[in-house]
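Worksheet: the structure to be examined is printed underneath.
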Amino acid sequence: MKKSTRYIVLGALVIIFVGLFVWYKTAPGPYDGLANYLNQSGVKMYGAFWCPHCQAEKKDFGKSEALLPYVECSMPDGQTQTQICIDQKIVSYPTWDFPNPIILSSGTNDSNVACKATYTAGDPQSCADAATGSYVLTVNGMTFLTPSAASLVNGVWTLPSHSRTSGTVDPKVLGQLAGYKGK
């Protein structure tokens, strides 16, 4: 192969790789619409940089991670919490806070459990660090901490504003919880 032909082939390969890189960087992420919707609707994800579940949750969003309504709760020392998370009473990571009511259909009649002033053995573990008067509800395998009792009418749960769930949640389920109608 001639020297000039090698340069042409090498140049073409460089152009192809640069083009692919630019295309990848500018292509939308798989959950851009959902992440934007979560931001616009006031949903918040509270997490900590050292939390493996938070990292897994963000990784599930792929390139759309940068658009998530993420609030860092850990101070750089990894031992203390930011004031916003103290004020919001965030006790586990990640915690998703939904400012609007959540509507869930369920075939079960899981009951609301009110958290007492003092946590005692036998109470739901979710009450251990919850504010007195909060309610714990488990629907479809997800545990929610709610500021007031949820209601069940004809197999449909309505959870009040600022209900929260903790742990890794599939992006599609987050969309359903937030009322997202996109794909």
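The values are calculated or read from the model by the stated rules, or taken from the named source; none is laboratory data. Since we're looking at a predicted model, the values are computed, not measured. Please note: Cβ atoms are built from the backbone with ideal geometry, for glycine as well, and neighbour counts cover all protein chains shown.
Just a few scattered comments:
- Cβ-Cβ under 7 Å pairs, at least 6 apart or on other chains, segment 150-167 side within 11 Å of SER105 (Cβ to Cβ), far side outside any strand (DSSP E or B): LEU152/ASN109; GLY155/SER106; GLY155/GLY107; TRP157/SER106; TRP157/ALA150; THR158/PRO101; THR158/ALA150
- One residue from SER161, SER134, SER148 being under 25 Å from GLU65 (Cα atoms) and either at pLDDT below 90 or small (Gly, Ala, Ser) (or both): SER161
- Counting the residues of segment 159-183 that are under 22 Å from SER148 (Cα atoms) and in a helix (DSSP H, G or I) gives 4.
- Looking only at residues of segment 166-183 that are more than 17 Å from ASP32 (Cβ to Cβ) and modelled with pLDDT of 90 or more, we find that the one that is surrounded by the most Cβ atoms within 10 Å (Cβ to Cβ) is LEU177.
- Scanning segment 27-44 for residues that are among the hydroxyl-bearing types (Ser, Thr, Tyr) and not in a loop (DSSP other than H, G, I, E, B) yields a count of 1.
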